[in-house]
Ligand SMILES: Nc1ncnc2c1ncn2[C@@H]1O[C@H](COP(=O)(O)OP(=O)(O)OP(=O)(O)O)[C@@H](O)[C@H]1O
Ligand SMILES: [Mg+2]
């Protein structure tokens with residue numbers, strides 16, 4: 001995986017620099033494509049859940065995937081870090097190129113890929129370990145040799161959870177509330193120092209306050225990361241994303257700057273969906 005330089009002075013950037021001392025490529029300008037999806041078709045057996053989708057994801061932006069239930073959003077998202085490898089009968093055709101490397105090529109190690117492309121699921125899935133160890137795990141598997149306490153604090157602060165857990169870091173994470181567990185999973189993903197963070201409906205089980213916190217967080221994360229977010233919440237897509245892709249029955253109907261898609265959709269199906277006439 002090619003290494004990305006980070007903005008000077010950023011905490012995440014500093015931690016990344018410590019973990020990956022020898023960058024092999026020059027920094028890219030913002031707006032550069034970091035993930036290129038080319039003619040991607042994903043089948044479960046004979047059923048095509050994603051049909052010939054091509055989509056560019058730009059660095060340091062949040063890209064939202066929207067569309068009715070069953071249209072292939074999660075399937076497409078999971079393809080970006082090869083989580084579909086775990087699904088029996090799932091076949092992927094086409095290409096996904098991440099920072100210049102085709103991730104389905106035989107030479108690409110999916111474990112290494114997932115160290116650079118983190119994922120947060122709809123249902124929080126903390127490990128049955130302490131809050132501290134949930135966060136330090138990601139850093140450890142990435143060979144982090146810096147100050148672990150400082151990194152754990154930094155990730156928990158970024159996820160907006162530090163103040164609530166700083167006095168009980170050794171307690172088991174499963175005792176946290178659902179919203180706290182989701183923010184912990186985000187902190188755990190951040191500790192991996194990913195280039196890209198995939199989020200599949202991260203707020204669907206959260207109350208409006210926890211949701212607002214995570215939306216604020218996504219906005220801040222764009223300084224250091226690239227986010228791809230699945231959401232059913234139109235307001236959320238409009239609030240947090242720079243670009244929005246509308247999927248319908250496995251096809252990408254249109255992708256546009258978010259404000260354009262929500263104000264001047266080109267396709268009647270997009271118009272119908274965003275105005276709540278189907279889906
Ligand atoms: N493991 C699987 N085996 C077979 N079919 C599957 C599998 N996972 C998903 N599908 C099918 O693929 C299609 C796309 O599913 P996917 O979960 O990607 O949709 P989605 O857009 O994320 O929906 P939702 O908004 O409800 O989460 C659906 O028809 C679903 O039934
Ligand atoms: Mg889904």
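Where a number appears in this text, it was derived from the coordinates with a stated rule and is not lab data. Note that the structure is predicted; figures quoted are calculated from it, not measured. FYI the Cβ positions are ideal-geometry reconstructions off the backbone, even for glycines, and counts take in every protein chain you see.
Report the full-extension gain for the segment residue 44 to residue 204: residue separation times 0.36 nm, less the Cα-Cα distance, to one decimal in nm. Don't skip to the end; give the middle numbers.
Values: separation 160, 0.36 × 160 = 57.60 nm, distance 2.53 nm.
This chain segment gains 55.1 nm when fully extended.
Highest mean first, how do 265-271, 108-114, 223-229 rank when packing is the count of other Cβ atoms within 10 Å averaged over residues?
223-229, 265-271, 108-114
Going by how many other Cβ atoms sit within 10 Å of their own, how do 199, 234 line up, fewest first?
With the fewest neighbours first, 199, 234 line up as 234, 199.
Roughly how many nanometres apart are two label points built 7 Å out from the Cα toward the Cβ at residue 251 and residue 148?
Each label point is offset 7 Å from its Cα along the Cβ direction, giving 5.2 nm.
With a Cα-only, solvent-free Debye model of region 183-279, what are the log10 I(q)/I(0) values at q = 0.12 Å⁻¹?
Debye curve over Cα of region 183-279, log10 I(q)/I(0) at q = 0.12 Å⁻¹: -0.42.
Restricting to Cα pairs below 8 Å that are 6+ residues apart, what does the relative contact order work out to for the chain? Please round to a whole percent.
Here the relative contact order equals 25 percent.
Which value at 222 nm does the chain reach when only helices count, each DSSP H run of 4 or more adding -39,500 (n - 2.57), with the total divided by all residues and rounded to the nearest 500 deg cm²/dmol? Walk me through the numbers on the way to the answer.
Working: 11 runs with 98 residues, N = 279.
Only helices count here, giving -10000 deg cm²/dmol.
Hey, for a label at residue 51 modelled as a point 7 Å past Cα toward Cβ, could you say which residues of region 74-104 have their backbone N under 11 Å away?
From region 74-104, the list is empty.
In what order do 119, 148 fall by count of nearby beta-carbon atoms within 10 Å, going from fewest to most?
Fewest-to-most Cβ neighbours within 10 Å comes out as 148, 119.
Using a Förster distance of 25 angstrom, determine the FRET efficiency expected from the C-beta separation of residue 166 and residue 123, and round it to 0.05.
Rounded to the nearest 0.05, the efficiency is 0.50.
Tell me, what is the FRET efficiency for residue 232 and residue 175 to the nearest 0.05, using R0 = 35 angstrom and their Cβ-Cβ distance as r? Don't skip to the end; give the middle numbers.
Details: r = 29 Å, r/R0 = 0.82.
Taking R0 as 35 Å, the efficiency between residue 232 and residue 175 is 0.75.
Can you pull the three principal axis extents for the Cα set of the chain, in Å, largest first?
Principal-axis extents of the Cα atoms in the chain, largest first: 52, 42, 38 Å.
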